[in-house]
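Participant: Right, I'll just put the structure down here and ask away after.
The values are calculated or read from the model by the stated rules, or taken from the named source; none is laboratory data. Note that the structure is predicted; figures quoted are calculated from it, not measured. Counting neighbours? That spans all protein chains shown, and the Cβs are built from the backbone with ideal geometry, glycine included.
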Amino acid sequence: MIKNAYPVQMEIAGNTAMWTRPDTGDSPVSFSVPTYSAVKGIFESVLWGPAVTIVPVKVEICAPLQFHSYYTNYGGPLRKAESVKKGNAYQLLATVMIDVCYRLYALAMPNREKAGVSEATLSWDQKTTSPGHAYQAIFERRLKRGQCHAVPCLGWKEFTPSYFGPFRENTKVQGELNFTIPSLLREVFSRGYSSPVSFVYDQNVRIENGILVFPERRVEDD
């Protein structure tokens, strides 16, 4: 167990999810499970604080895996210049997940990246003997109340959850699921806003009995 790390957990479900595979180009296809960075973002959407870092640990798949074709008209800045000039939208085809449910697990621990942190955060950090423990307590209160720092999403911002909160009694792990993901995106910005784009992958990630355990990477103790 990592020193000064405190466990946090939550359940999230929704009608549609998109955990984009970067190798699928302009007709994106979803991974069957949320990526490491997506799990981190979901926890931080409930409670975010620069004095604490979230380390995702595992995901439990709690609904059958179903893929579905999804069409939308894209009107953003990544269109061709001519399309932008004429006001033409781009029809985007994607392969998404539907009727999803996951249980997410992570650790909250002190953040050692102090660069760019506000004076208020540094002051709070110095007065708090265990930032991870404080995060855990506040997170659990907010989760029970349905409060959030930003609306959680299931990959794409438009895919909001039908439920997020504590574990529900009737939720069951899909224990019959056993498969390997050859290459699973881990993260793109390893240090948040302070880092350049750098795609990091985990190779041959195994889902055993419906459970994905994220491969461990070095996390230094205090």
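Participant: Which numbered condition in (1) modelled with pLDDT of 95 or more; (2) in a strand (DSSP E or B) is the only one that I54 fails?
Facilitator: For I54, the exception is condition (1).
Participant: Restricting attention to region 15-25, and to residues there that are crowded, with 20+ Cβ neighbours inside 10 Å and part of a loop (DSSP other than H, G, I, E, B), which single residue is nearest to the chain's Cα centre (by Cα)?
Facilitator: Of everything passing the filter in region 15-25, W19 is nearest to the chain's Cα centre (by Cα).
Participant: So for region 189-203 (the condition being in a loop (DSSP other than H, G, I, E, B), modelled with pLDDT of 95 or more, within 25 Å of V52 (Cα to Cα) and touching a Phe, Trp or Tyr at 6+ places or on another chain (Cβ under 8 Å)), does at least one residue qualify?
Facilitator: No: zero hits.
Participant: Picking from G132, G76, which residue would you name as being at pLDDT below 95, out of contact with any Asp or Glu (no Cβ under 8 Å at 6 or more places or on another chain) and closer than 21 Å to S37 by Cα?
Facilitator: None of the others qualify; the one that does is G132.
Participant: Considering (1) out of contact with any helix residue (DSSP H, G or I) (no Cβ under 9 Å at 6 or more places or on another chain); (2) modelled with pLDDT under 95; (3) closer than 17 Å to V188 by Cβ, say which one M1 fails and leave the rest.
Facilitator: (3)
Participant: Among the residues of region 141-167, write down those that are assigned to a loop (DSSP other than H, G, I, E, B) and farther than 16 Å from L47 by Cα.
Facilitator: L154, G155, W156, K157, E158, F159, T160, P161, S162, F167
Participant: What are the pairs, 6+ residues apart or on separate chains, where a residue within region 10-21 that is of a type in the set (F, W, Y) has its Cβ under 6 Å from a residue that is buried (at least 19 other Cβ atoms within 10 Å of the Cβ)?
Facilitator: Close Cβ pairs satisfying both conditions: W19/S30; W19/F31; W19/P34; W19/T35; W19/A38; W19/G155.
Participant: While we're looking at this one, here's another question. Go through (1) within 16 Å of the chain's Cα centre (by Cα); (2) surrounded by fewer than 22 Cβ atoms within 10 Å (Cβ to Cβ); (3) not in a loop (DSSP other than H, G, I, E, B) and name the single condition W48 misses.
Facilitator: For W48, the failing item is (3).
Participant: In addition: Can you give me the number of residues within region 204-218 that are surrounded by 13 or more Cβ atoms within 10 Å (Cβ to Cβ) and either among the small types (G, A, S) or modelled with pLDDT under 85 (or both)?
Facilitator: Total meeting the criteria: 1.
Participant: Cβ-Cβ below 6 Å, separation at least six or inter-chain, first residue in region 90-104 and in a strand (DSSP E or B), second modelled with pLDDT of 95 or more and of a type in the set (D, E): which pairs?
Facilitator: If the second residue must be modelled with pLDDT of 95 or more and of a type in the set (D, E), the pairs left are R103/E11; R103/E60.
Participant: Look through V57, V46 and report the one residue that is under 20 Å from C148 (Cα atoms), touching a helix residue (DSSP H, G or I) at 6+ places or on another chain (Cβ under 9 Å) and among the β-branched types (V, I, T).
Facilitator: V46
Participant: State the number of residues belonging to region 1-11 that are surrounded by fewer than 20 Cβ atoms within 10 Å (Cβ to Cβ), assigned to a strand (DSSP E or B) and over 13 Å from the mean Cα position of the chain (by Cα).
Facilitator: 2
Residue-wise test of (1) in a strand (DSSP E or B); (2) surrounded by 13 or more Cβ atoms within 10 Å (Cβ to Cβ); (3) under 17 Å from the mean Cα position of the chain (by Cα).
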site	(1), (2), (3)
A13	yes, yes, yes
S27	no, no, no
A38	no, yes, yes
E60	yes, yes, yes
A63	no, yes, no
G76	no, no, no
R79	no, yes, no
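Participant: I'm trying to understand the selection: among the residues of region 134-183, which are touching a Pro at 6+ places or on another chain (Cβ under 9 Å) and surrounded by 15 or more Cβ atoms within 10 Å (Cβ to Cβ)? Give the derivation first.
Facilitator: Quick first cut of region 134-183, residues touching a Pro at 6+ places or on another chain (Cβ under 9 Å) only: 136, 140, 143-144, 151-155, 160-161, 164, 174, 177.
Scanning region 134-183 gives Q136, E140, L143, P152, C153, L154, G155, P161, F164, Q174, L177.
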